[in-house]
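Reading through the structure tokens given below for one structure.
The values are calculated or read from the model by the stated rules, or taken from the named source; none is laboratory data. The structure displayed is predicted, hence computed values, not measured ones. A quick note on method: Cβ atoms are made from the backbone with ideal geometry, for glycine too, and the neighbour counts reach across all protein chains shown. The protein model used for the area step is the full one, side chains on, heavy atoms only, and it has no ligands, DNA or RNA in it. Shrake-Rupley method; radii C 1.70, N 1.55, O 1.52, S 1.80 Å.
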Amino acid sequence: MRSSMITTRRLYHPKVIEHYTNPRNVGSLDKKSKDVGTGIVGAPACGDVIKLQIQVDDKTGIIENVKFKTFGCGSAIASSSYMTELVHGMSIDDAAKIKNTEIAKELSLPPVKLHCSMLAEDAIKAAIKDYKTKRNSTVLH
Amino acid sequence: MLRSSFVRAHRISSTATAAISRYALRPNGNTSIRRSLASSASTVAKAVESDDGLSIETHTDVQAANKEQTNIRTASNSIKSTTDGISSGTTALNHAYRENTGYGTRPIYLDMQATTPTDPRVLDTMLKYYTGLYGNPHSNTHSYGWETNKAVEAAREYVADVINANSKEIIFTSGATESNNMVVKGVARFYSKTKKHIITTKTEHKCVIEAARAMMNEGFDVTFLNVDANGLVDLKELEDAIRPDTCLVSVMAVNNEIGVIQPLKEIGSICKKHKVYFHTDAAQAYGKIPIDVNEMNIDLLSISSHKIYGPKGIGALYVRRRPRVRLEPLLSGGGQERGLRSGTLAPPNVAGFGEAARIMKTEYENDKKHIERLSKKLVDGLLANDHTNLNGSALHRYPGCINVSFAYVEGESLLMALRDIALSSGSACTSASLEPSYVLHALGKDDAMAHSSIRFGIGRFTTEAEVDYVIKAISERVKFLRELSPLWEMVQEGIDLDSIEWSGH
């Protein structure tokens, strides 16, 4: 009962704090590389920008490497950090199916922070889309 | 000496037990009282231990707060051990969340614009009105009433003295919000038959802006003056805005978010020339900058007690008597406070407020020197980081309020990284909402800049060691968050952020 009192009084769940203080897979991949897809979503004016990059094995379609950088609140950072953990080693088709609710549930995001998880979902979709357009254009050549 | 012992008292123990120990330590105190106080102190400690901190008063207790912190930290530690982690993080944030910082377990308090710690001397004054002196100050048929009434009138003198007013011109209210509402609504309603126009600014505190909006619904015209990039009103624009049916000009003295001081004397003389009442919200300015209501031609002035190390829940309104300013009271009742604010006064609060005002005046020079020195140190230390800038005028400002933007870092995440420092990204009233500050907007700052601003407040009890710690912590964590920021990366690559079409949400 005591612990439930604490979580209602505090804005952030311990899992958010954990991801935030120790974010996974921070960094950048070479965005010019053919097997790298980059997704940048959000806007500085809204207070949230997520950049998510995936490196995909061309033959198997498996995400071999993933990096992110996020400008935003703790929940946005935690959402993107958790997203990179999720999609690492996944096929791009499976990764495209990840729903924001999955992230929100894991991190126990409050309603005002749900847009952070949606942004993370948009980011992985944008990265996959970018990878596919890059690959299609190379195939056509 | 007093400063350090006070800070220590606040860190180690709650205010109540600190007060008890202060009394218990008095050398010539009565032994039986001393014993009973000591035993009550130990029962307080017991209640905390046995009750697992569930009672409502213990959440302000440091022991309970520590316990809670420990629970949270052990919870997050257990998560840490289960996730073996493709860890790429740094340790920059670890000490924001670590158990023992060596500085006590409560954050460093740098949110002096939200409220200030109660001065122990103020608390000493207040305590006797909670025990023996409990009379209603408005009871004039017996000595219980007379003694508290005497204390109230003494406090009124002290409050008036700071702004060179007469004590009869001070009306006690519940705080600056009530005072501001009283002025904007009261003056406008009293003169509503002939005057239908109010002038104020875009950077006022919410209570003035909202009260003015409420008067729009009652058929008044309201002009919200723009401010320049420094946060100052244009005097020419103000004079031009005055119409024959203008009843009130309300301009705040010191801004609560950016600390900018408006040119009160010049505004006062413009208002006098046009025979318009001049009100200033001095919640953040009273006792901290020199104010003379006669020299500055101020007709009405709002004061808050808890911004000057006094108790919360009380404030005052200065209402000029010659020439008399008329206003319609908000509350109907027994006609206390010259009929302008009915309701029984709270003598402990009034006496504490009076004492706080007295101390503000006697210690003005010391406080000023101390705050200016630490403020300069903090500003220099913070602005030494790249892409940081001070919001609001650098010249016309109260040094105890510093608002700094850290470009490419989001304010809320920075605050989260600064858990060991109590700060705010704007005013306390709006920090629950996710909206960027309207004050910074009025200065022409864009949303991104407004989102990355933090306000630092320095006060009487801030120490140099705290400022040093804050400068170091901020520099480290801004660096950490910028490493995490895609915007920072783009800027480093030489990409102009304004040239990008953002998707938005």
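Other chains' Cβ within 10 Å of A:47-53 residues: what's the mean?
On the way: counts 13, 5, 11, 1, 5, 1, 1.
That average works out to 5.
For the stretch B:146-245, the equivalent ellipsoid built from the Cα gyration tensor has semi-axes of 31, 18, 13 Å, listed from largest to smallest. Put a dot 7 Å past the Cα of B:LYS479, heading toward its Cβ, do the same for B:TRP502, and the two dots end up 2.7 nm apart. For B:LYS307, a cut-off of 19 angstrom between C-alpha atoms picks up these lysines, skipping any fewer than 8 places away in its own chain: B:LYS206, B:LYS288, B:LYS361, B:LYS368, B:LYS369. Placing a label point 7 Å from the Cα of B:GLU328 along the Cα-to-Cβ line, the residues of the stretch B:229-249 whose backbone N sits under 20 Å from it are B:245-249.
Kirkwood Rh, Cα Rg: Rg to Rh for the stretch A:9-141? Each step should come with its number before you reach the end.
Details: Rg = 14.6 Å, Rh = 14.7 Å.
Rounded to two decimals, Rg over Rh is 0.99.
Highest-first packing order for the peptide set B:347-354, B:221-228 is B:347-354, B:221-228, based on the mean count of other beta carbon atoms within 10 Å.
Quick one: divide the alpha-carbon radius of gyration of the stretch B:204-312 by 2.2 N^0.38 Å and tell me what you get.
Details: Rg = 13.8 Å, N = 109, 2.2 N^0.38 = 13.1 Å.
In units of the 2.2 N^0.38 Å rule of thumb, it is 1.06.
Extension gain for the segment B:LYS275 to B:GLU363, taken as residue separation times 0.36 nm less the Cα-Cα distance, is 28.1 nm to one decimal. When the alpha carbon gyration tensor of the stretch B:339-396 is reduced to an equivalent ellipsoid, the three semi-axes, largest first, read 38, 16, 10 Å. Here the contact order of the stretch A:2-140, divided by its residue count and restricted to Cα pairs under 8 Å and six or more residues apart, works out to 29 percent. Among B:121-128, A:45-52, B:303-310, the peptide with the highest mean count of other Cβ atoms within 10 Å heads the list, and the full ranking is B:303-310, A:45-52, B:121-128.
So what is the relative contact order for the stretch B:122-362, in percent, with contacts set as C-alpha pairs under 8 Å and at least six apart? Walk me through the intermediate numbers first.
Details: 491 pairs, mean separation 68.4, N = 241.
After rounding, I find 28 percent.
Working from label points 7 Å from Cα in the Cα-to-Cβ sense, the B:TYR130 to B:GLU153 distance is 2.7 nm. When you work out D = kT/(6 pi eta Rh) for the stretch B:166-207 at 37 °C and 0.692 mPa s, using the Kirkwood radius from C-alpha pairs as Rh and the Stokes-Einstein form, the result is 274 µm²/s.
Expressed as cubic angstrom per residue, what is the convex hull volume of the alpha carbon set of the stretch B:364-499? Kindly include the intermediate steps, with their values, before the conclusion.
Numbers: hull volume 16.6 nm³, N = 136.
Convex hull volume per residue, Cα atoms: 122 Å³.
Between chains B and A, what is the buried accessible area in Å², counting both sides, with a 1.4 Å probe and ligands, DNA and RNA left out, to the nearest 100? Walk me through the numbers before you get to the answer.
Numbers: alone 24610 and 8000 Å², together 28520 Å².
What B and A bury together is about 4100 Å².
For the listed peptides B:367-379, B:280-292, a ranking on the average number of other beta carbons within 10 Å per residue, highest first, reads B:280-292, B:367-379.
Inter-chain neighbour count for B:474-486: the average number of beta-carbon atoms from partner chains within 10 Å of each residue's beta-carbon is 4.
Distance check, please: which entries in B:LYS185/B:LYS445; A:LYS69/B:LYS479; A:LYS32/A:LYS67 exceed 20 angstrom between their Cα atoms? Please report the intermediate quantities before stating the final value.
Values: B:LYS185/B:LYS445 31 Å; A:LYS69/B:LYS479 14 Å; A:LYS32/A:LYS67 15 Å.
Long pairs (Cα-Cα over 20 Å): B:LYS185/B:LYS445.
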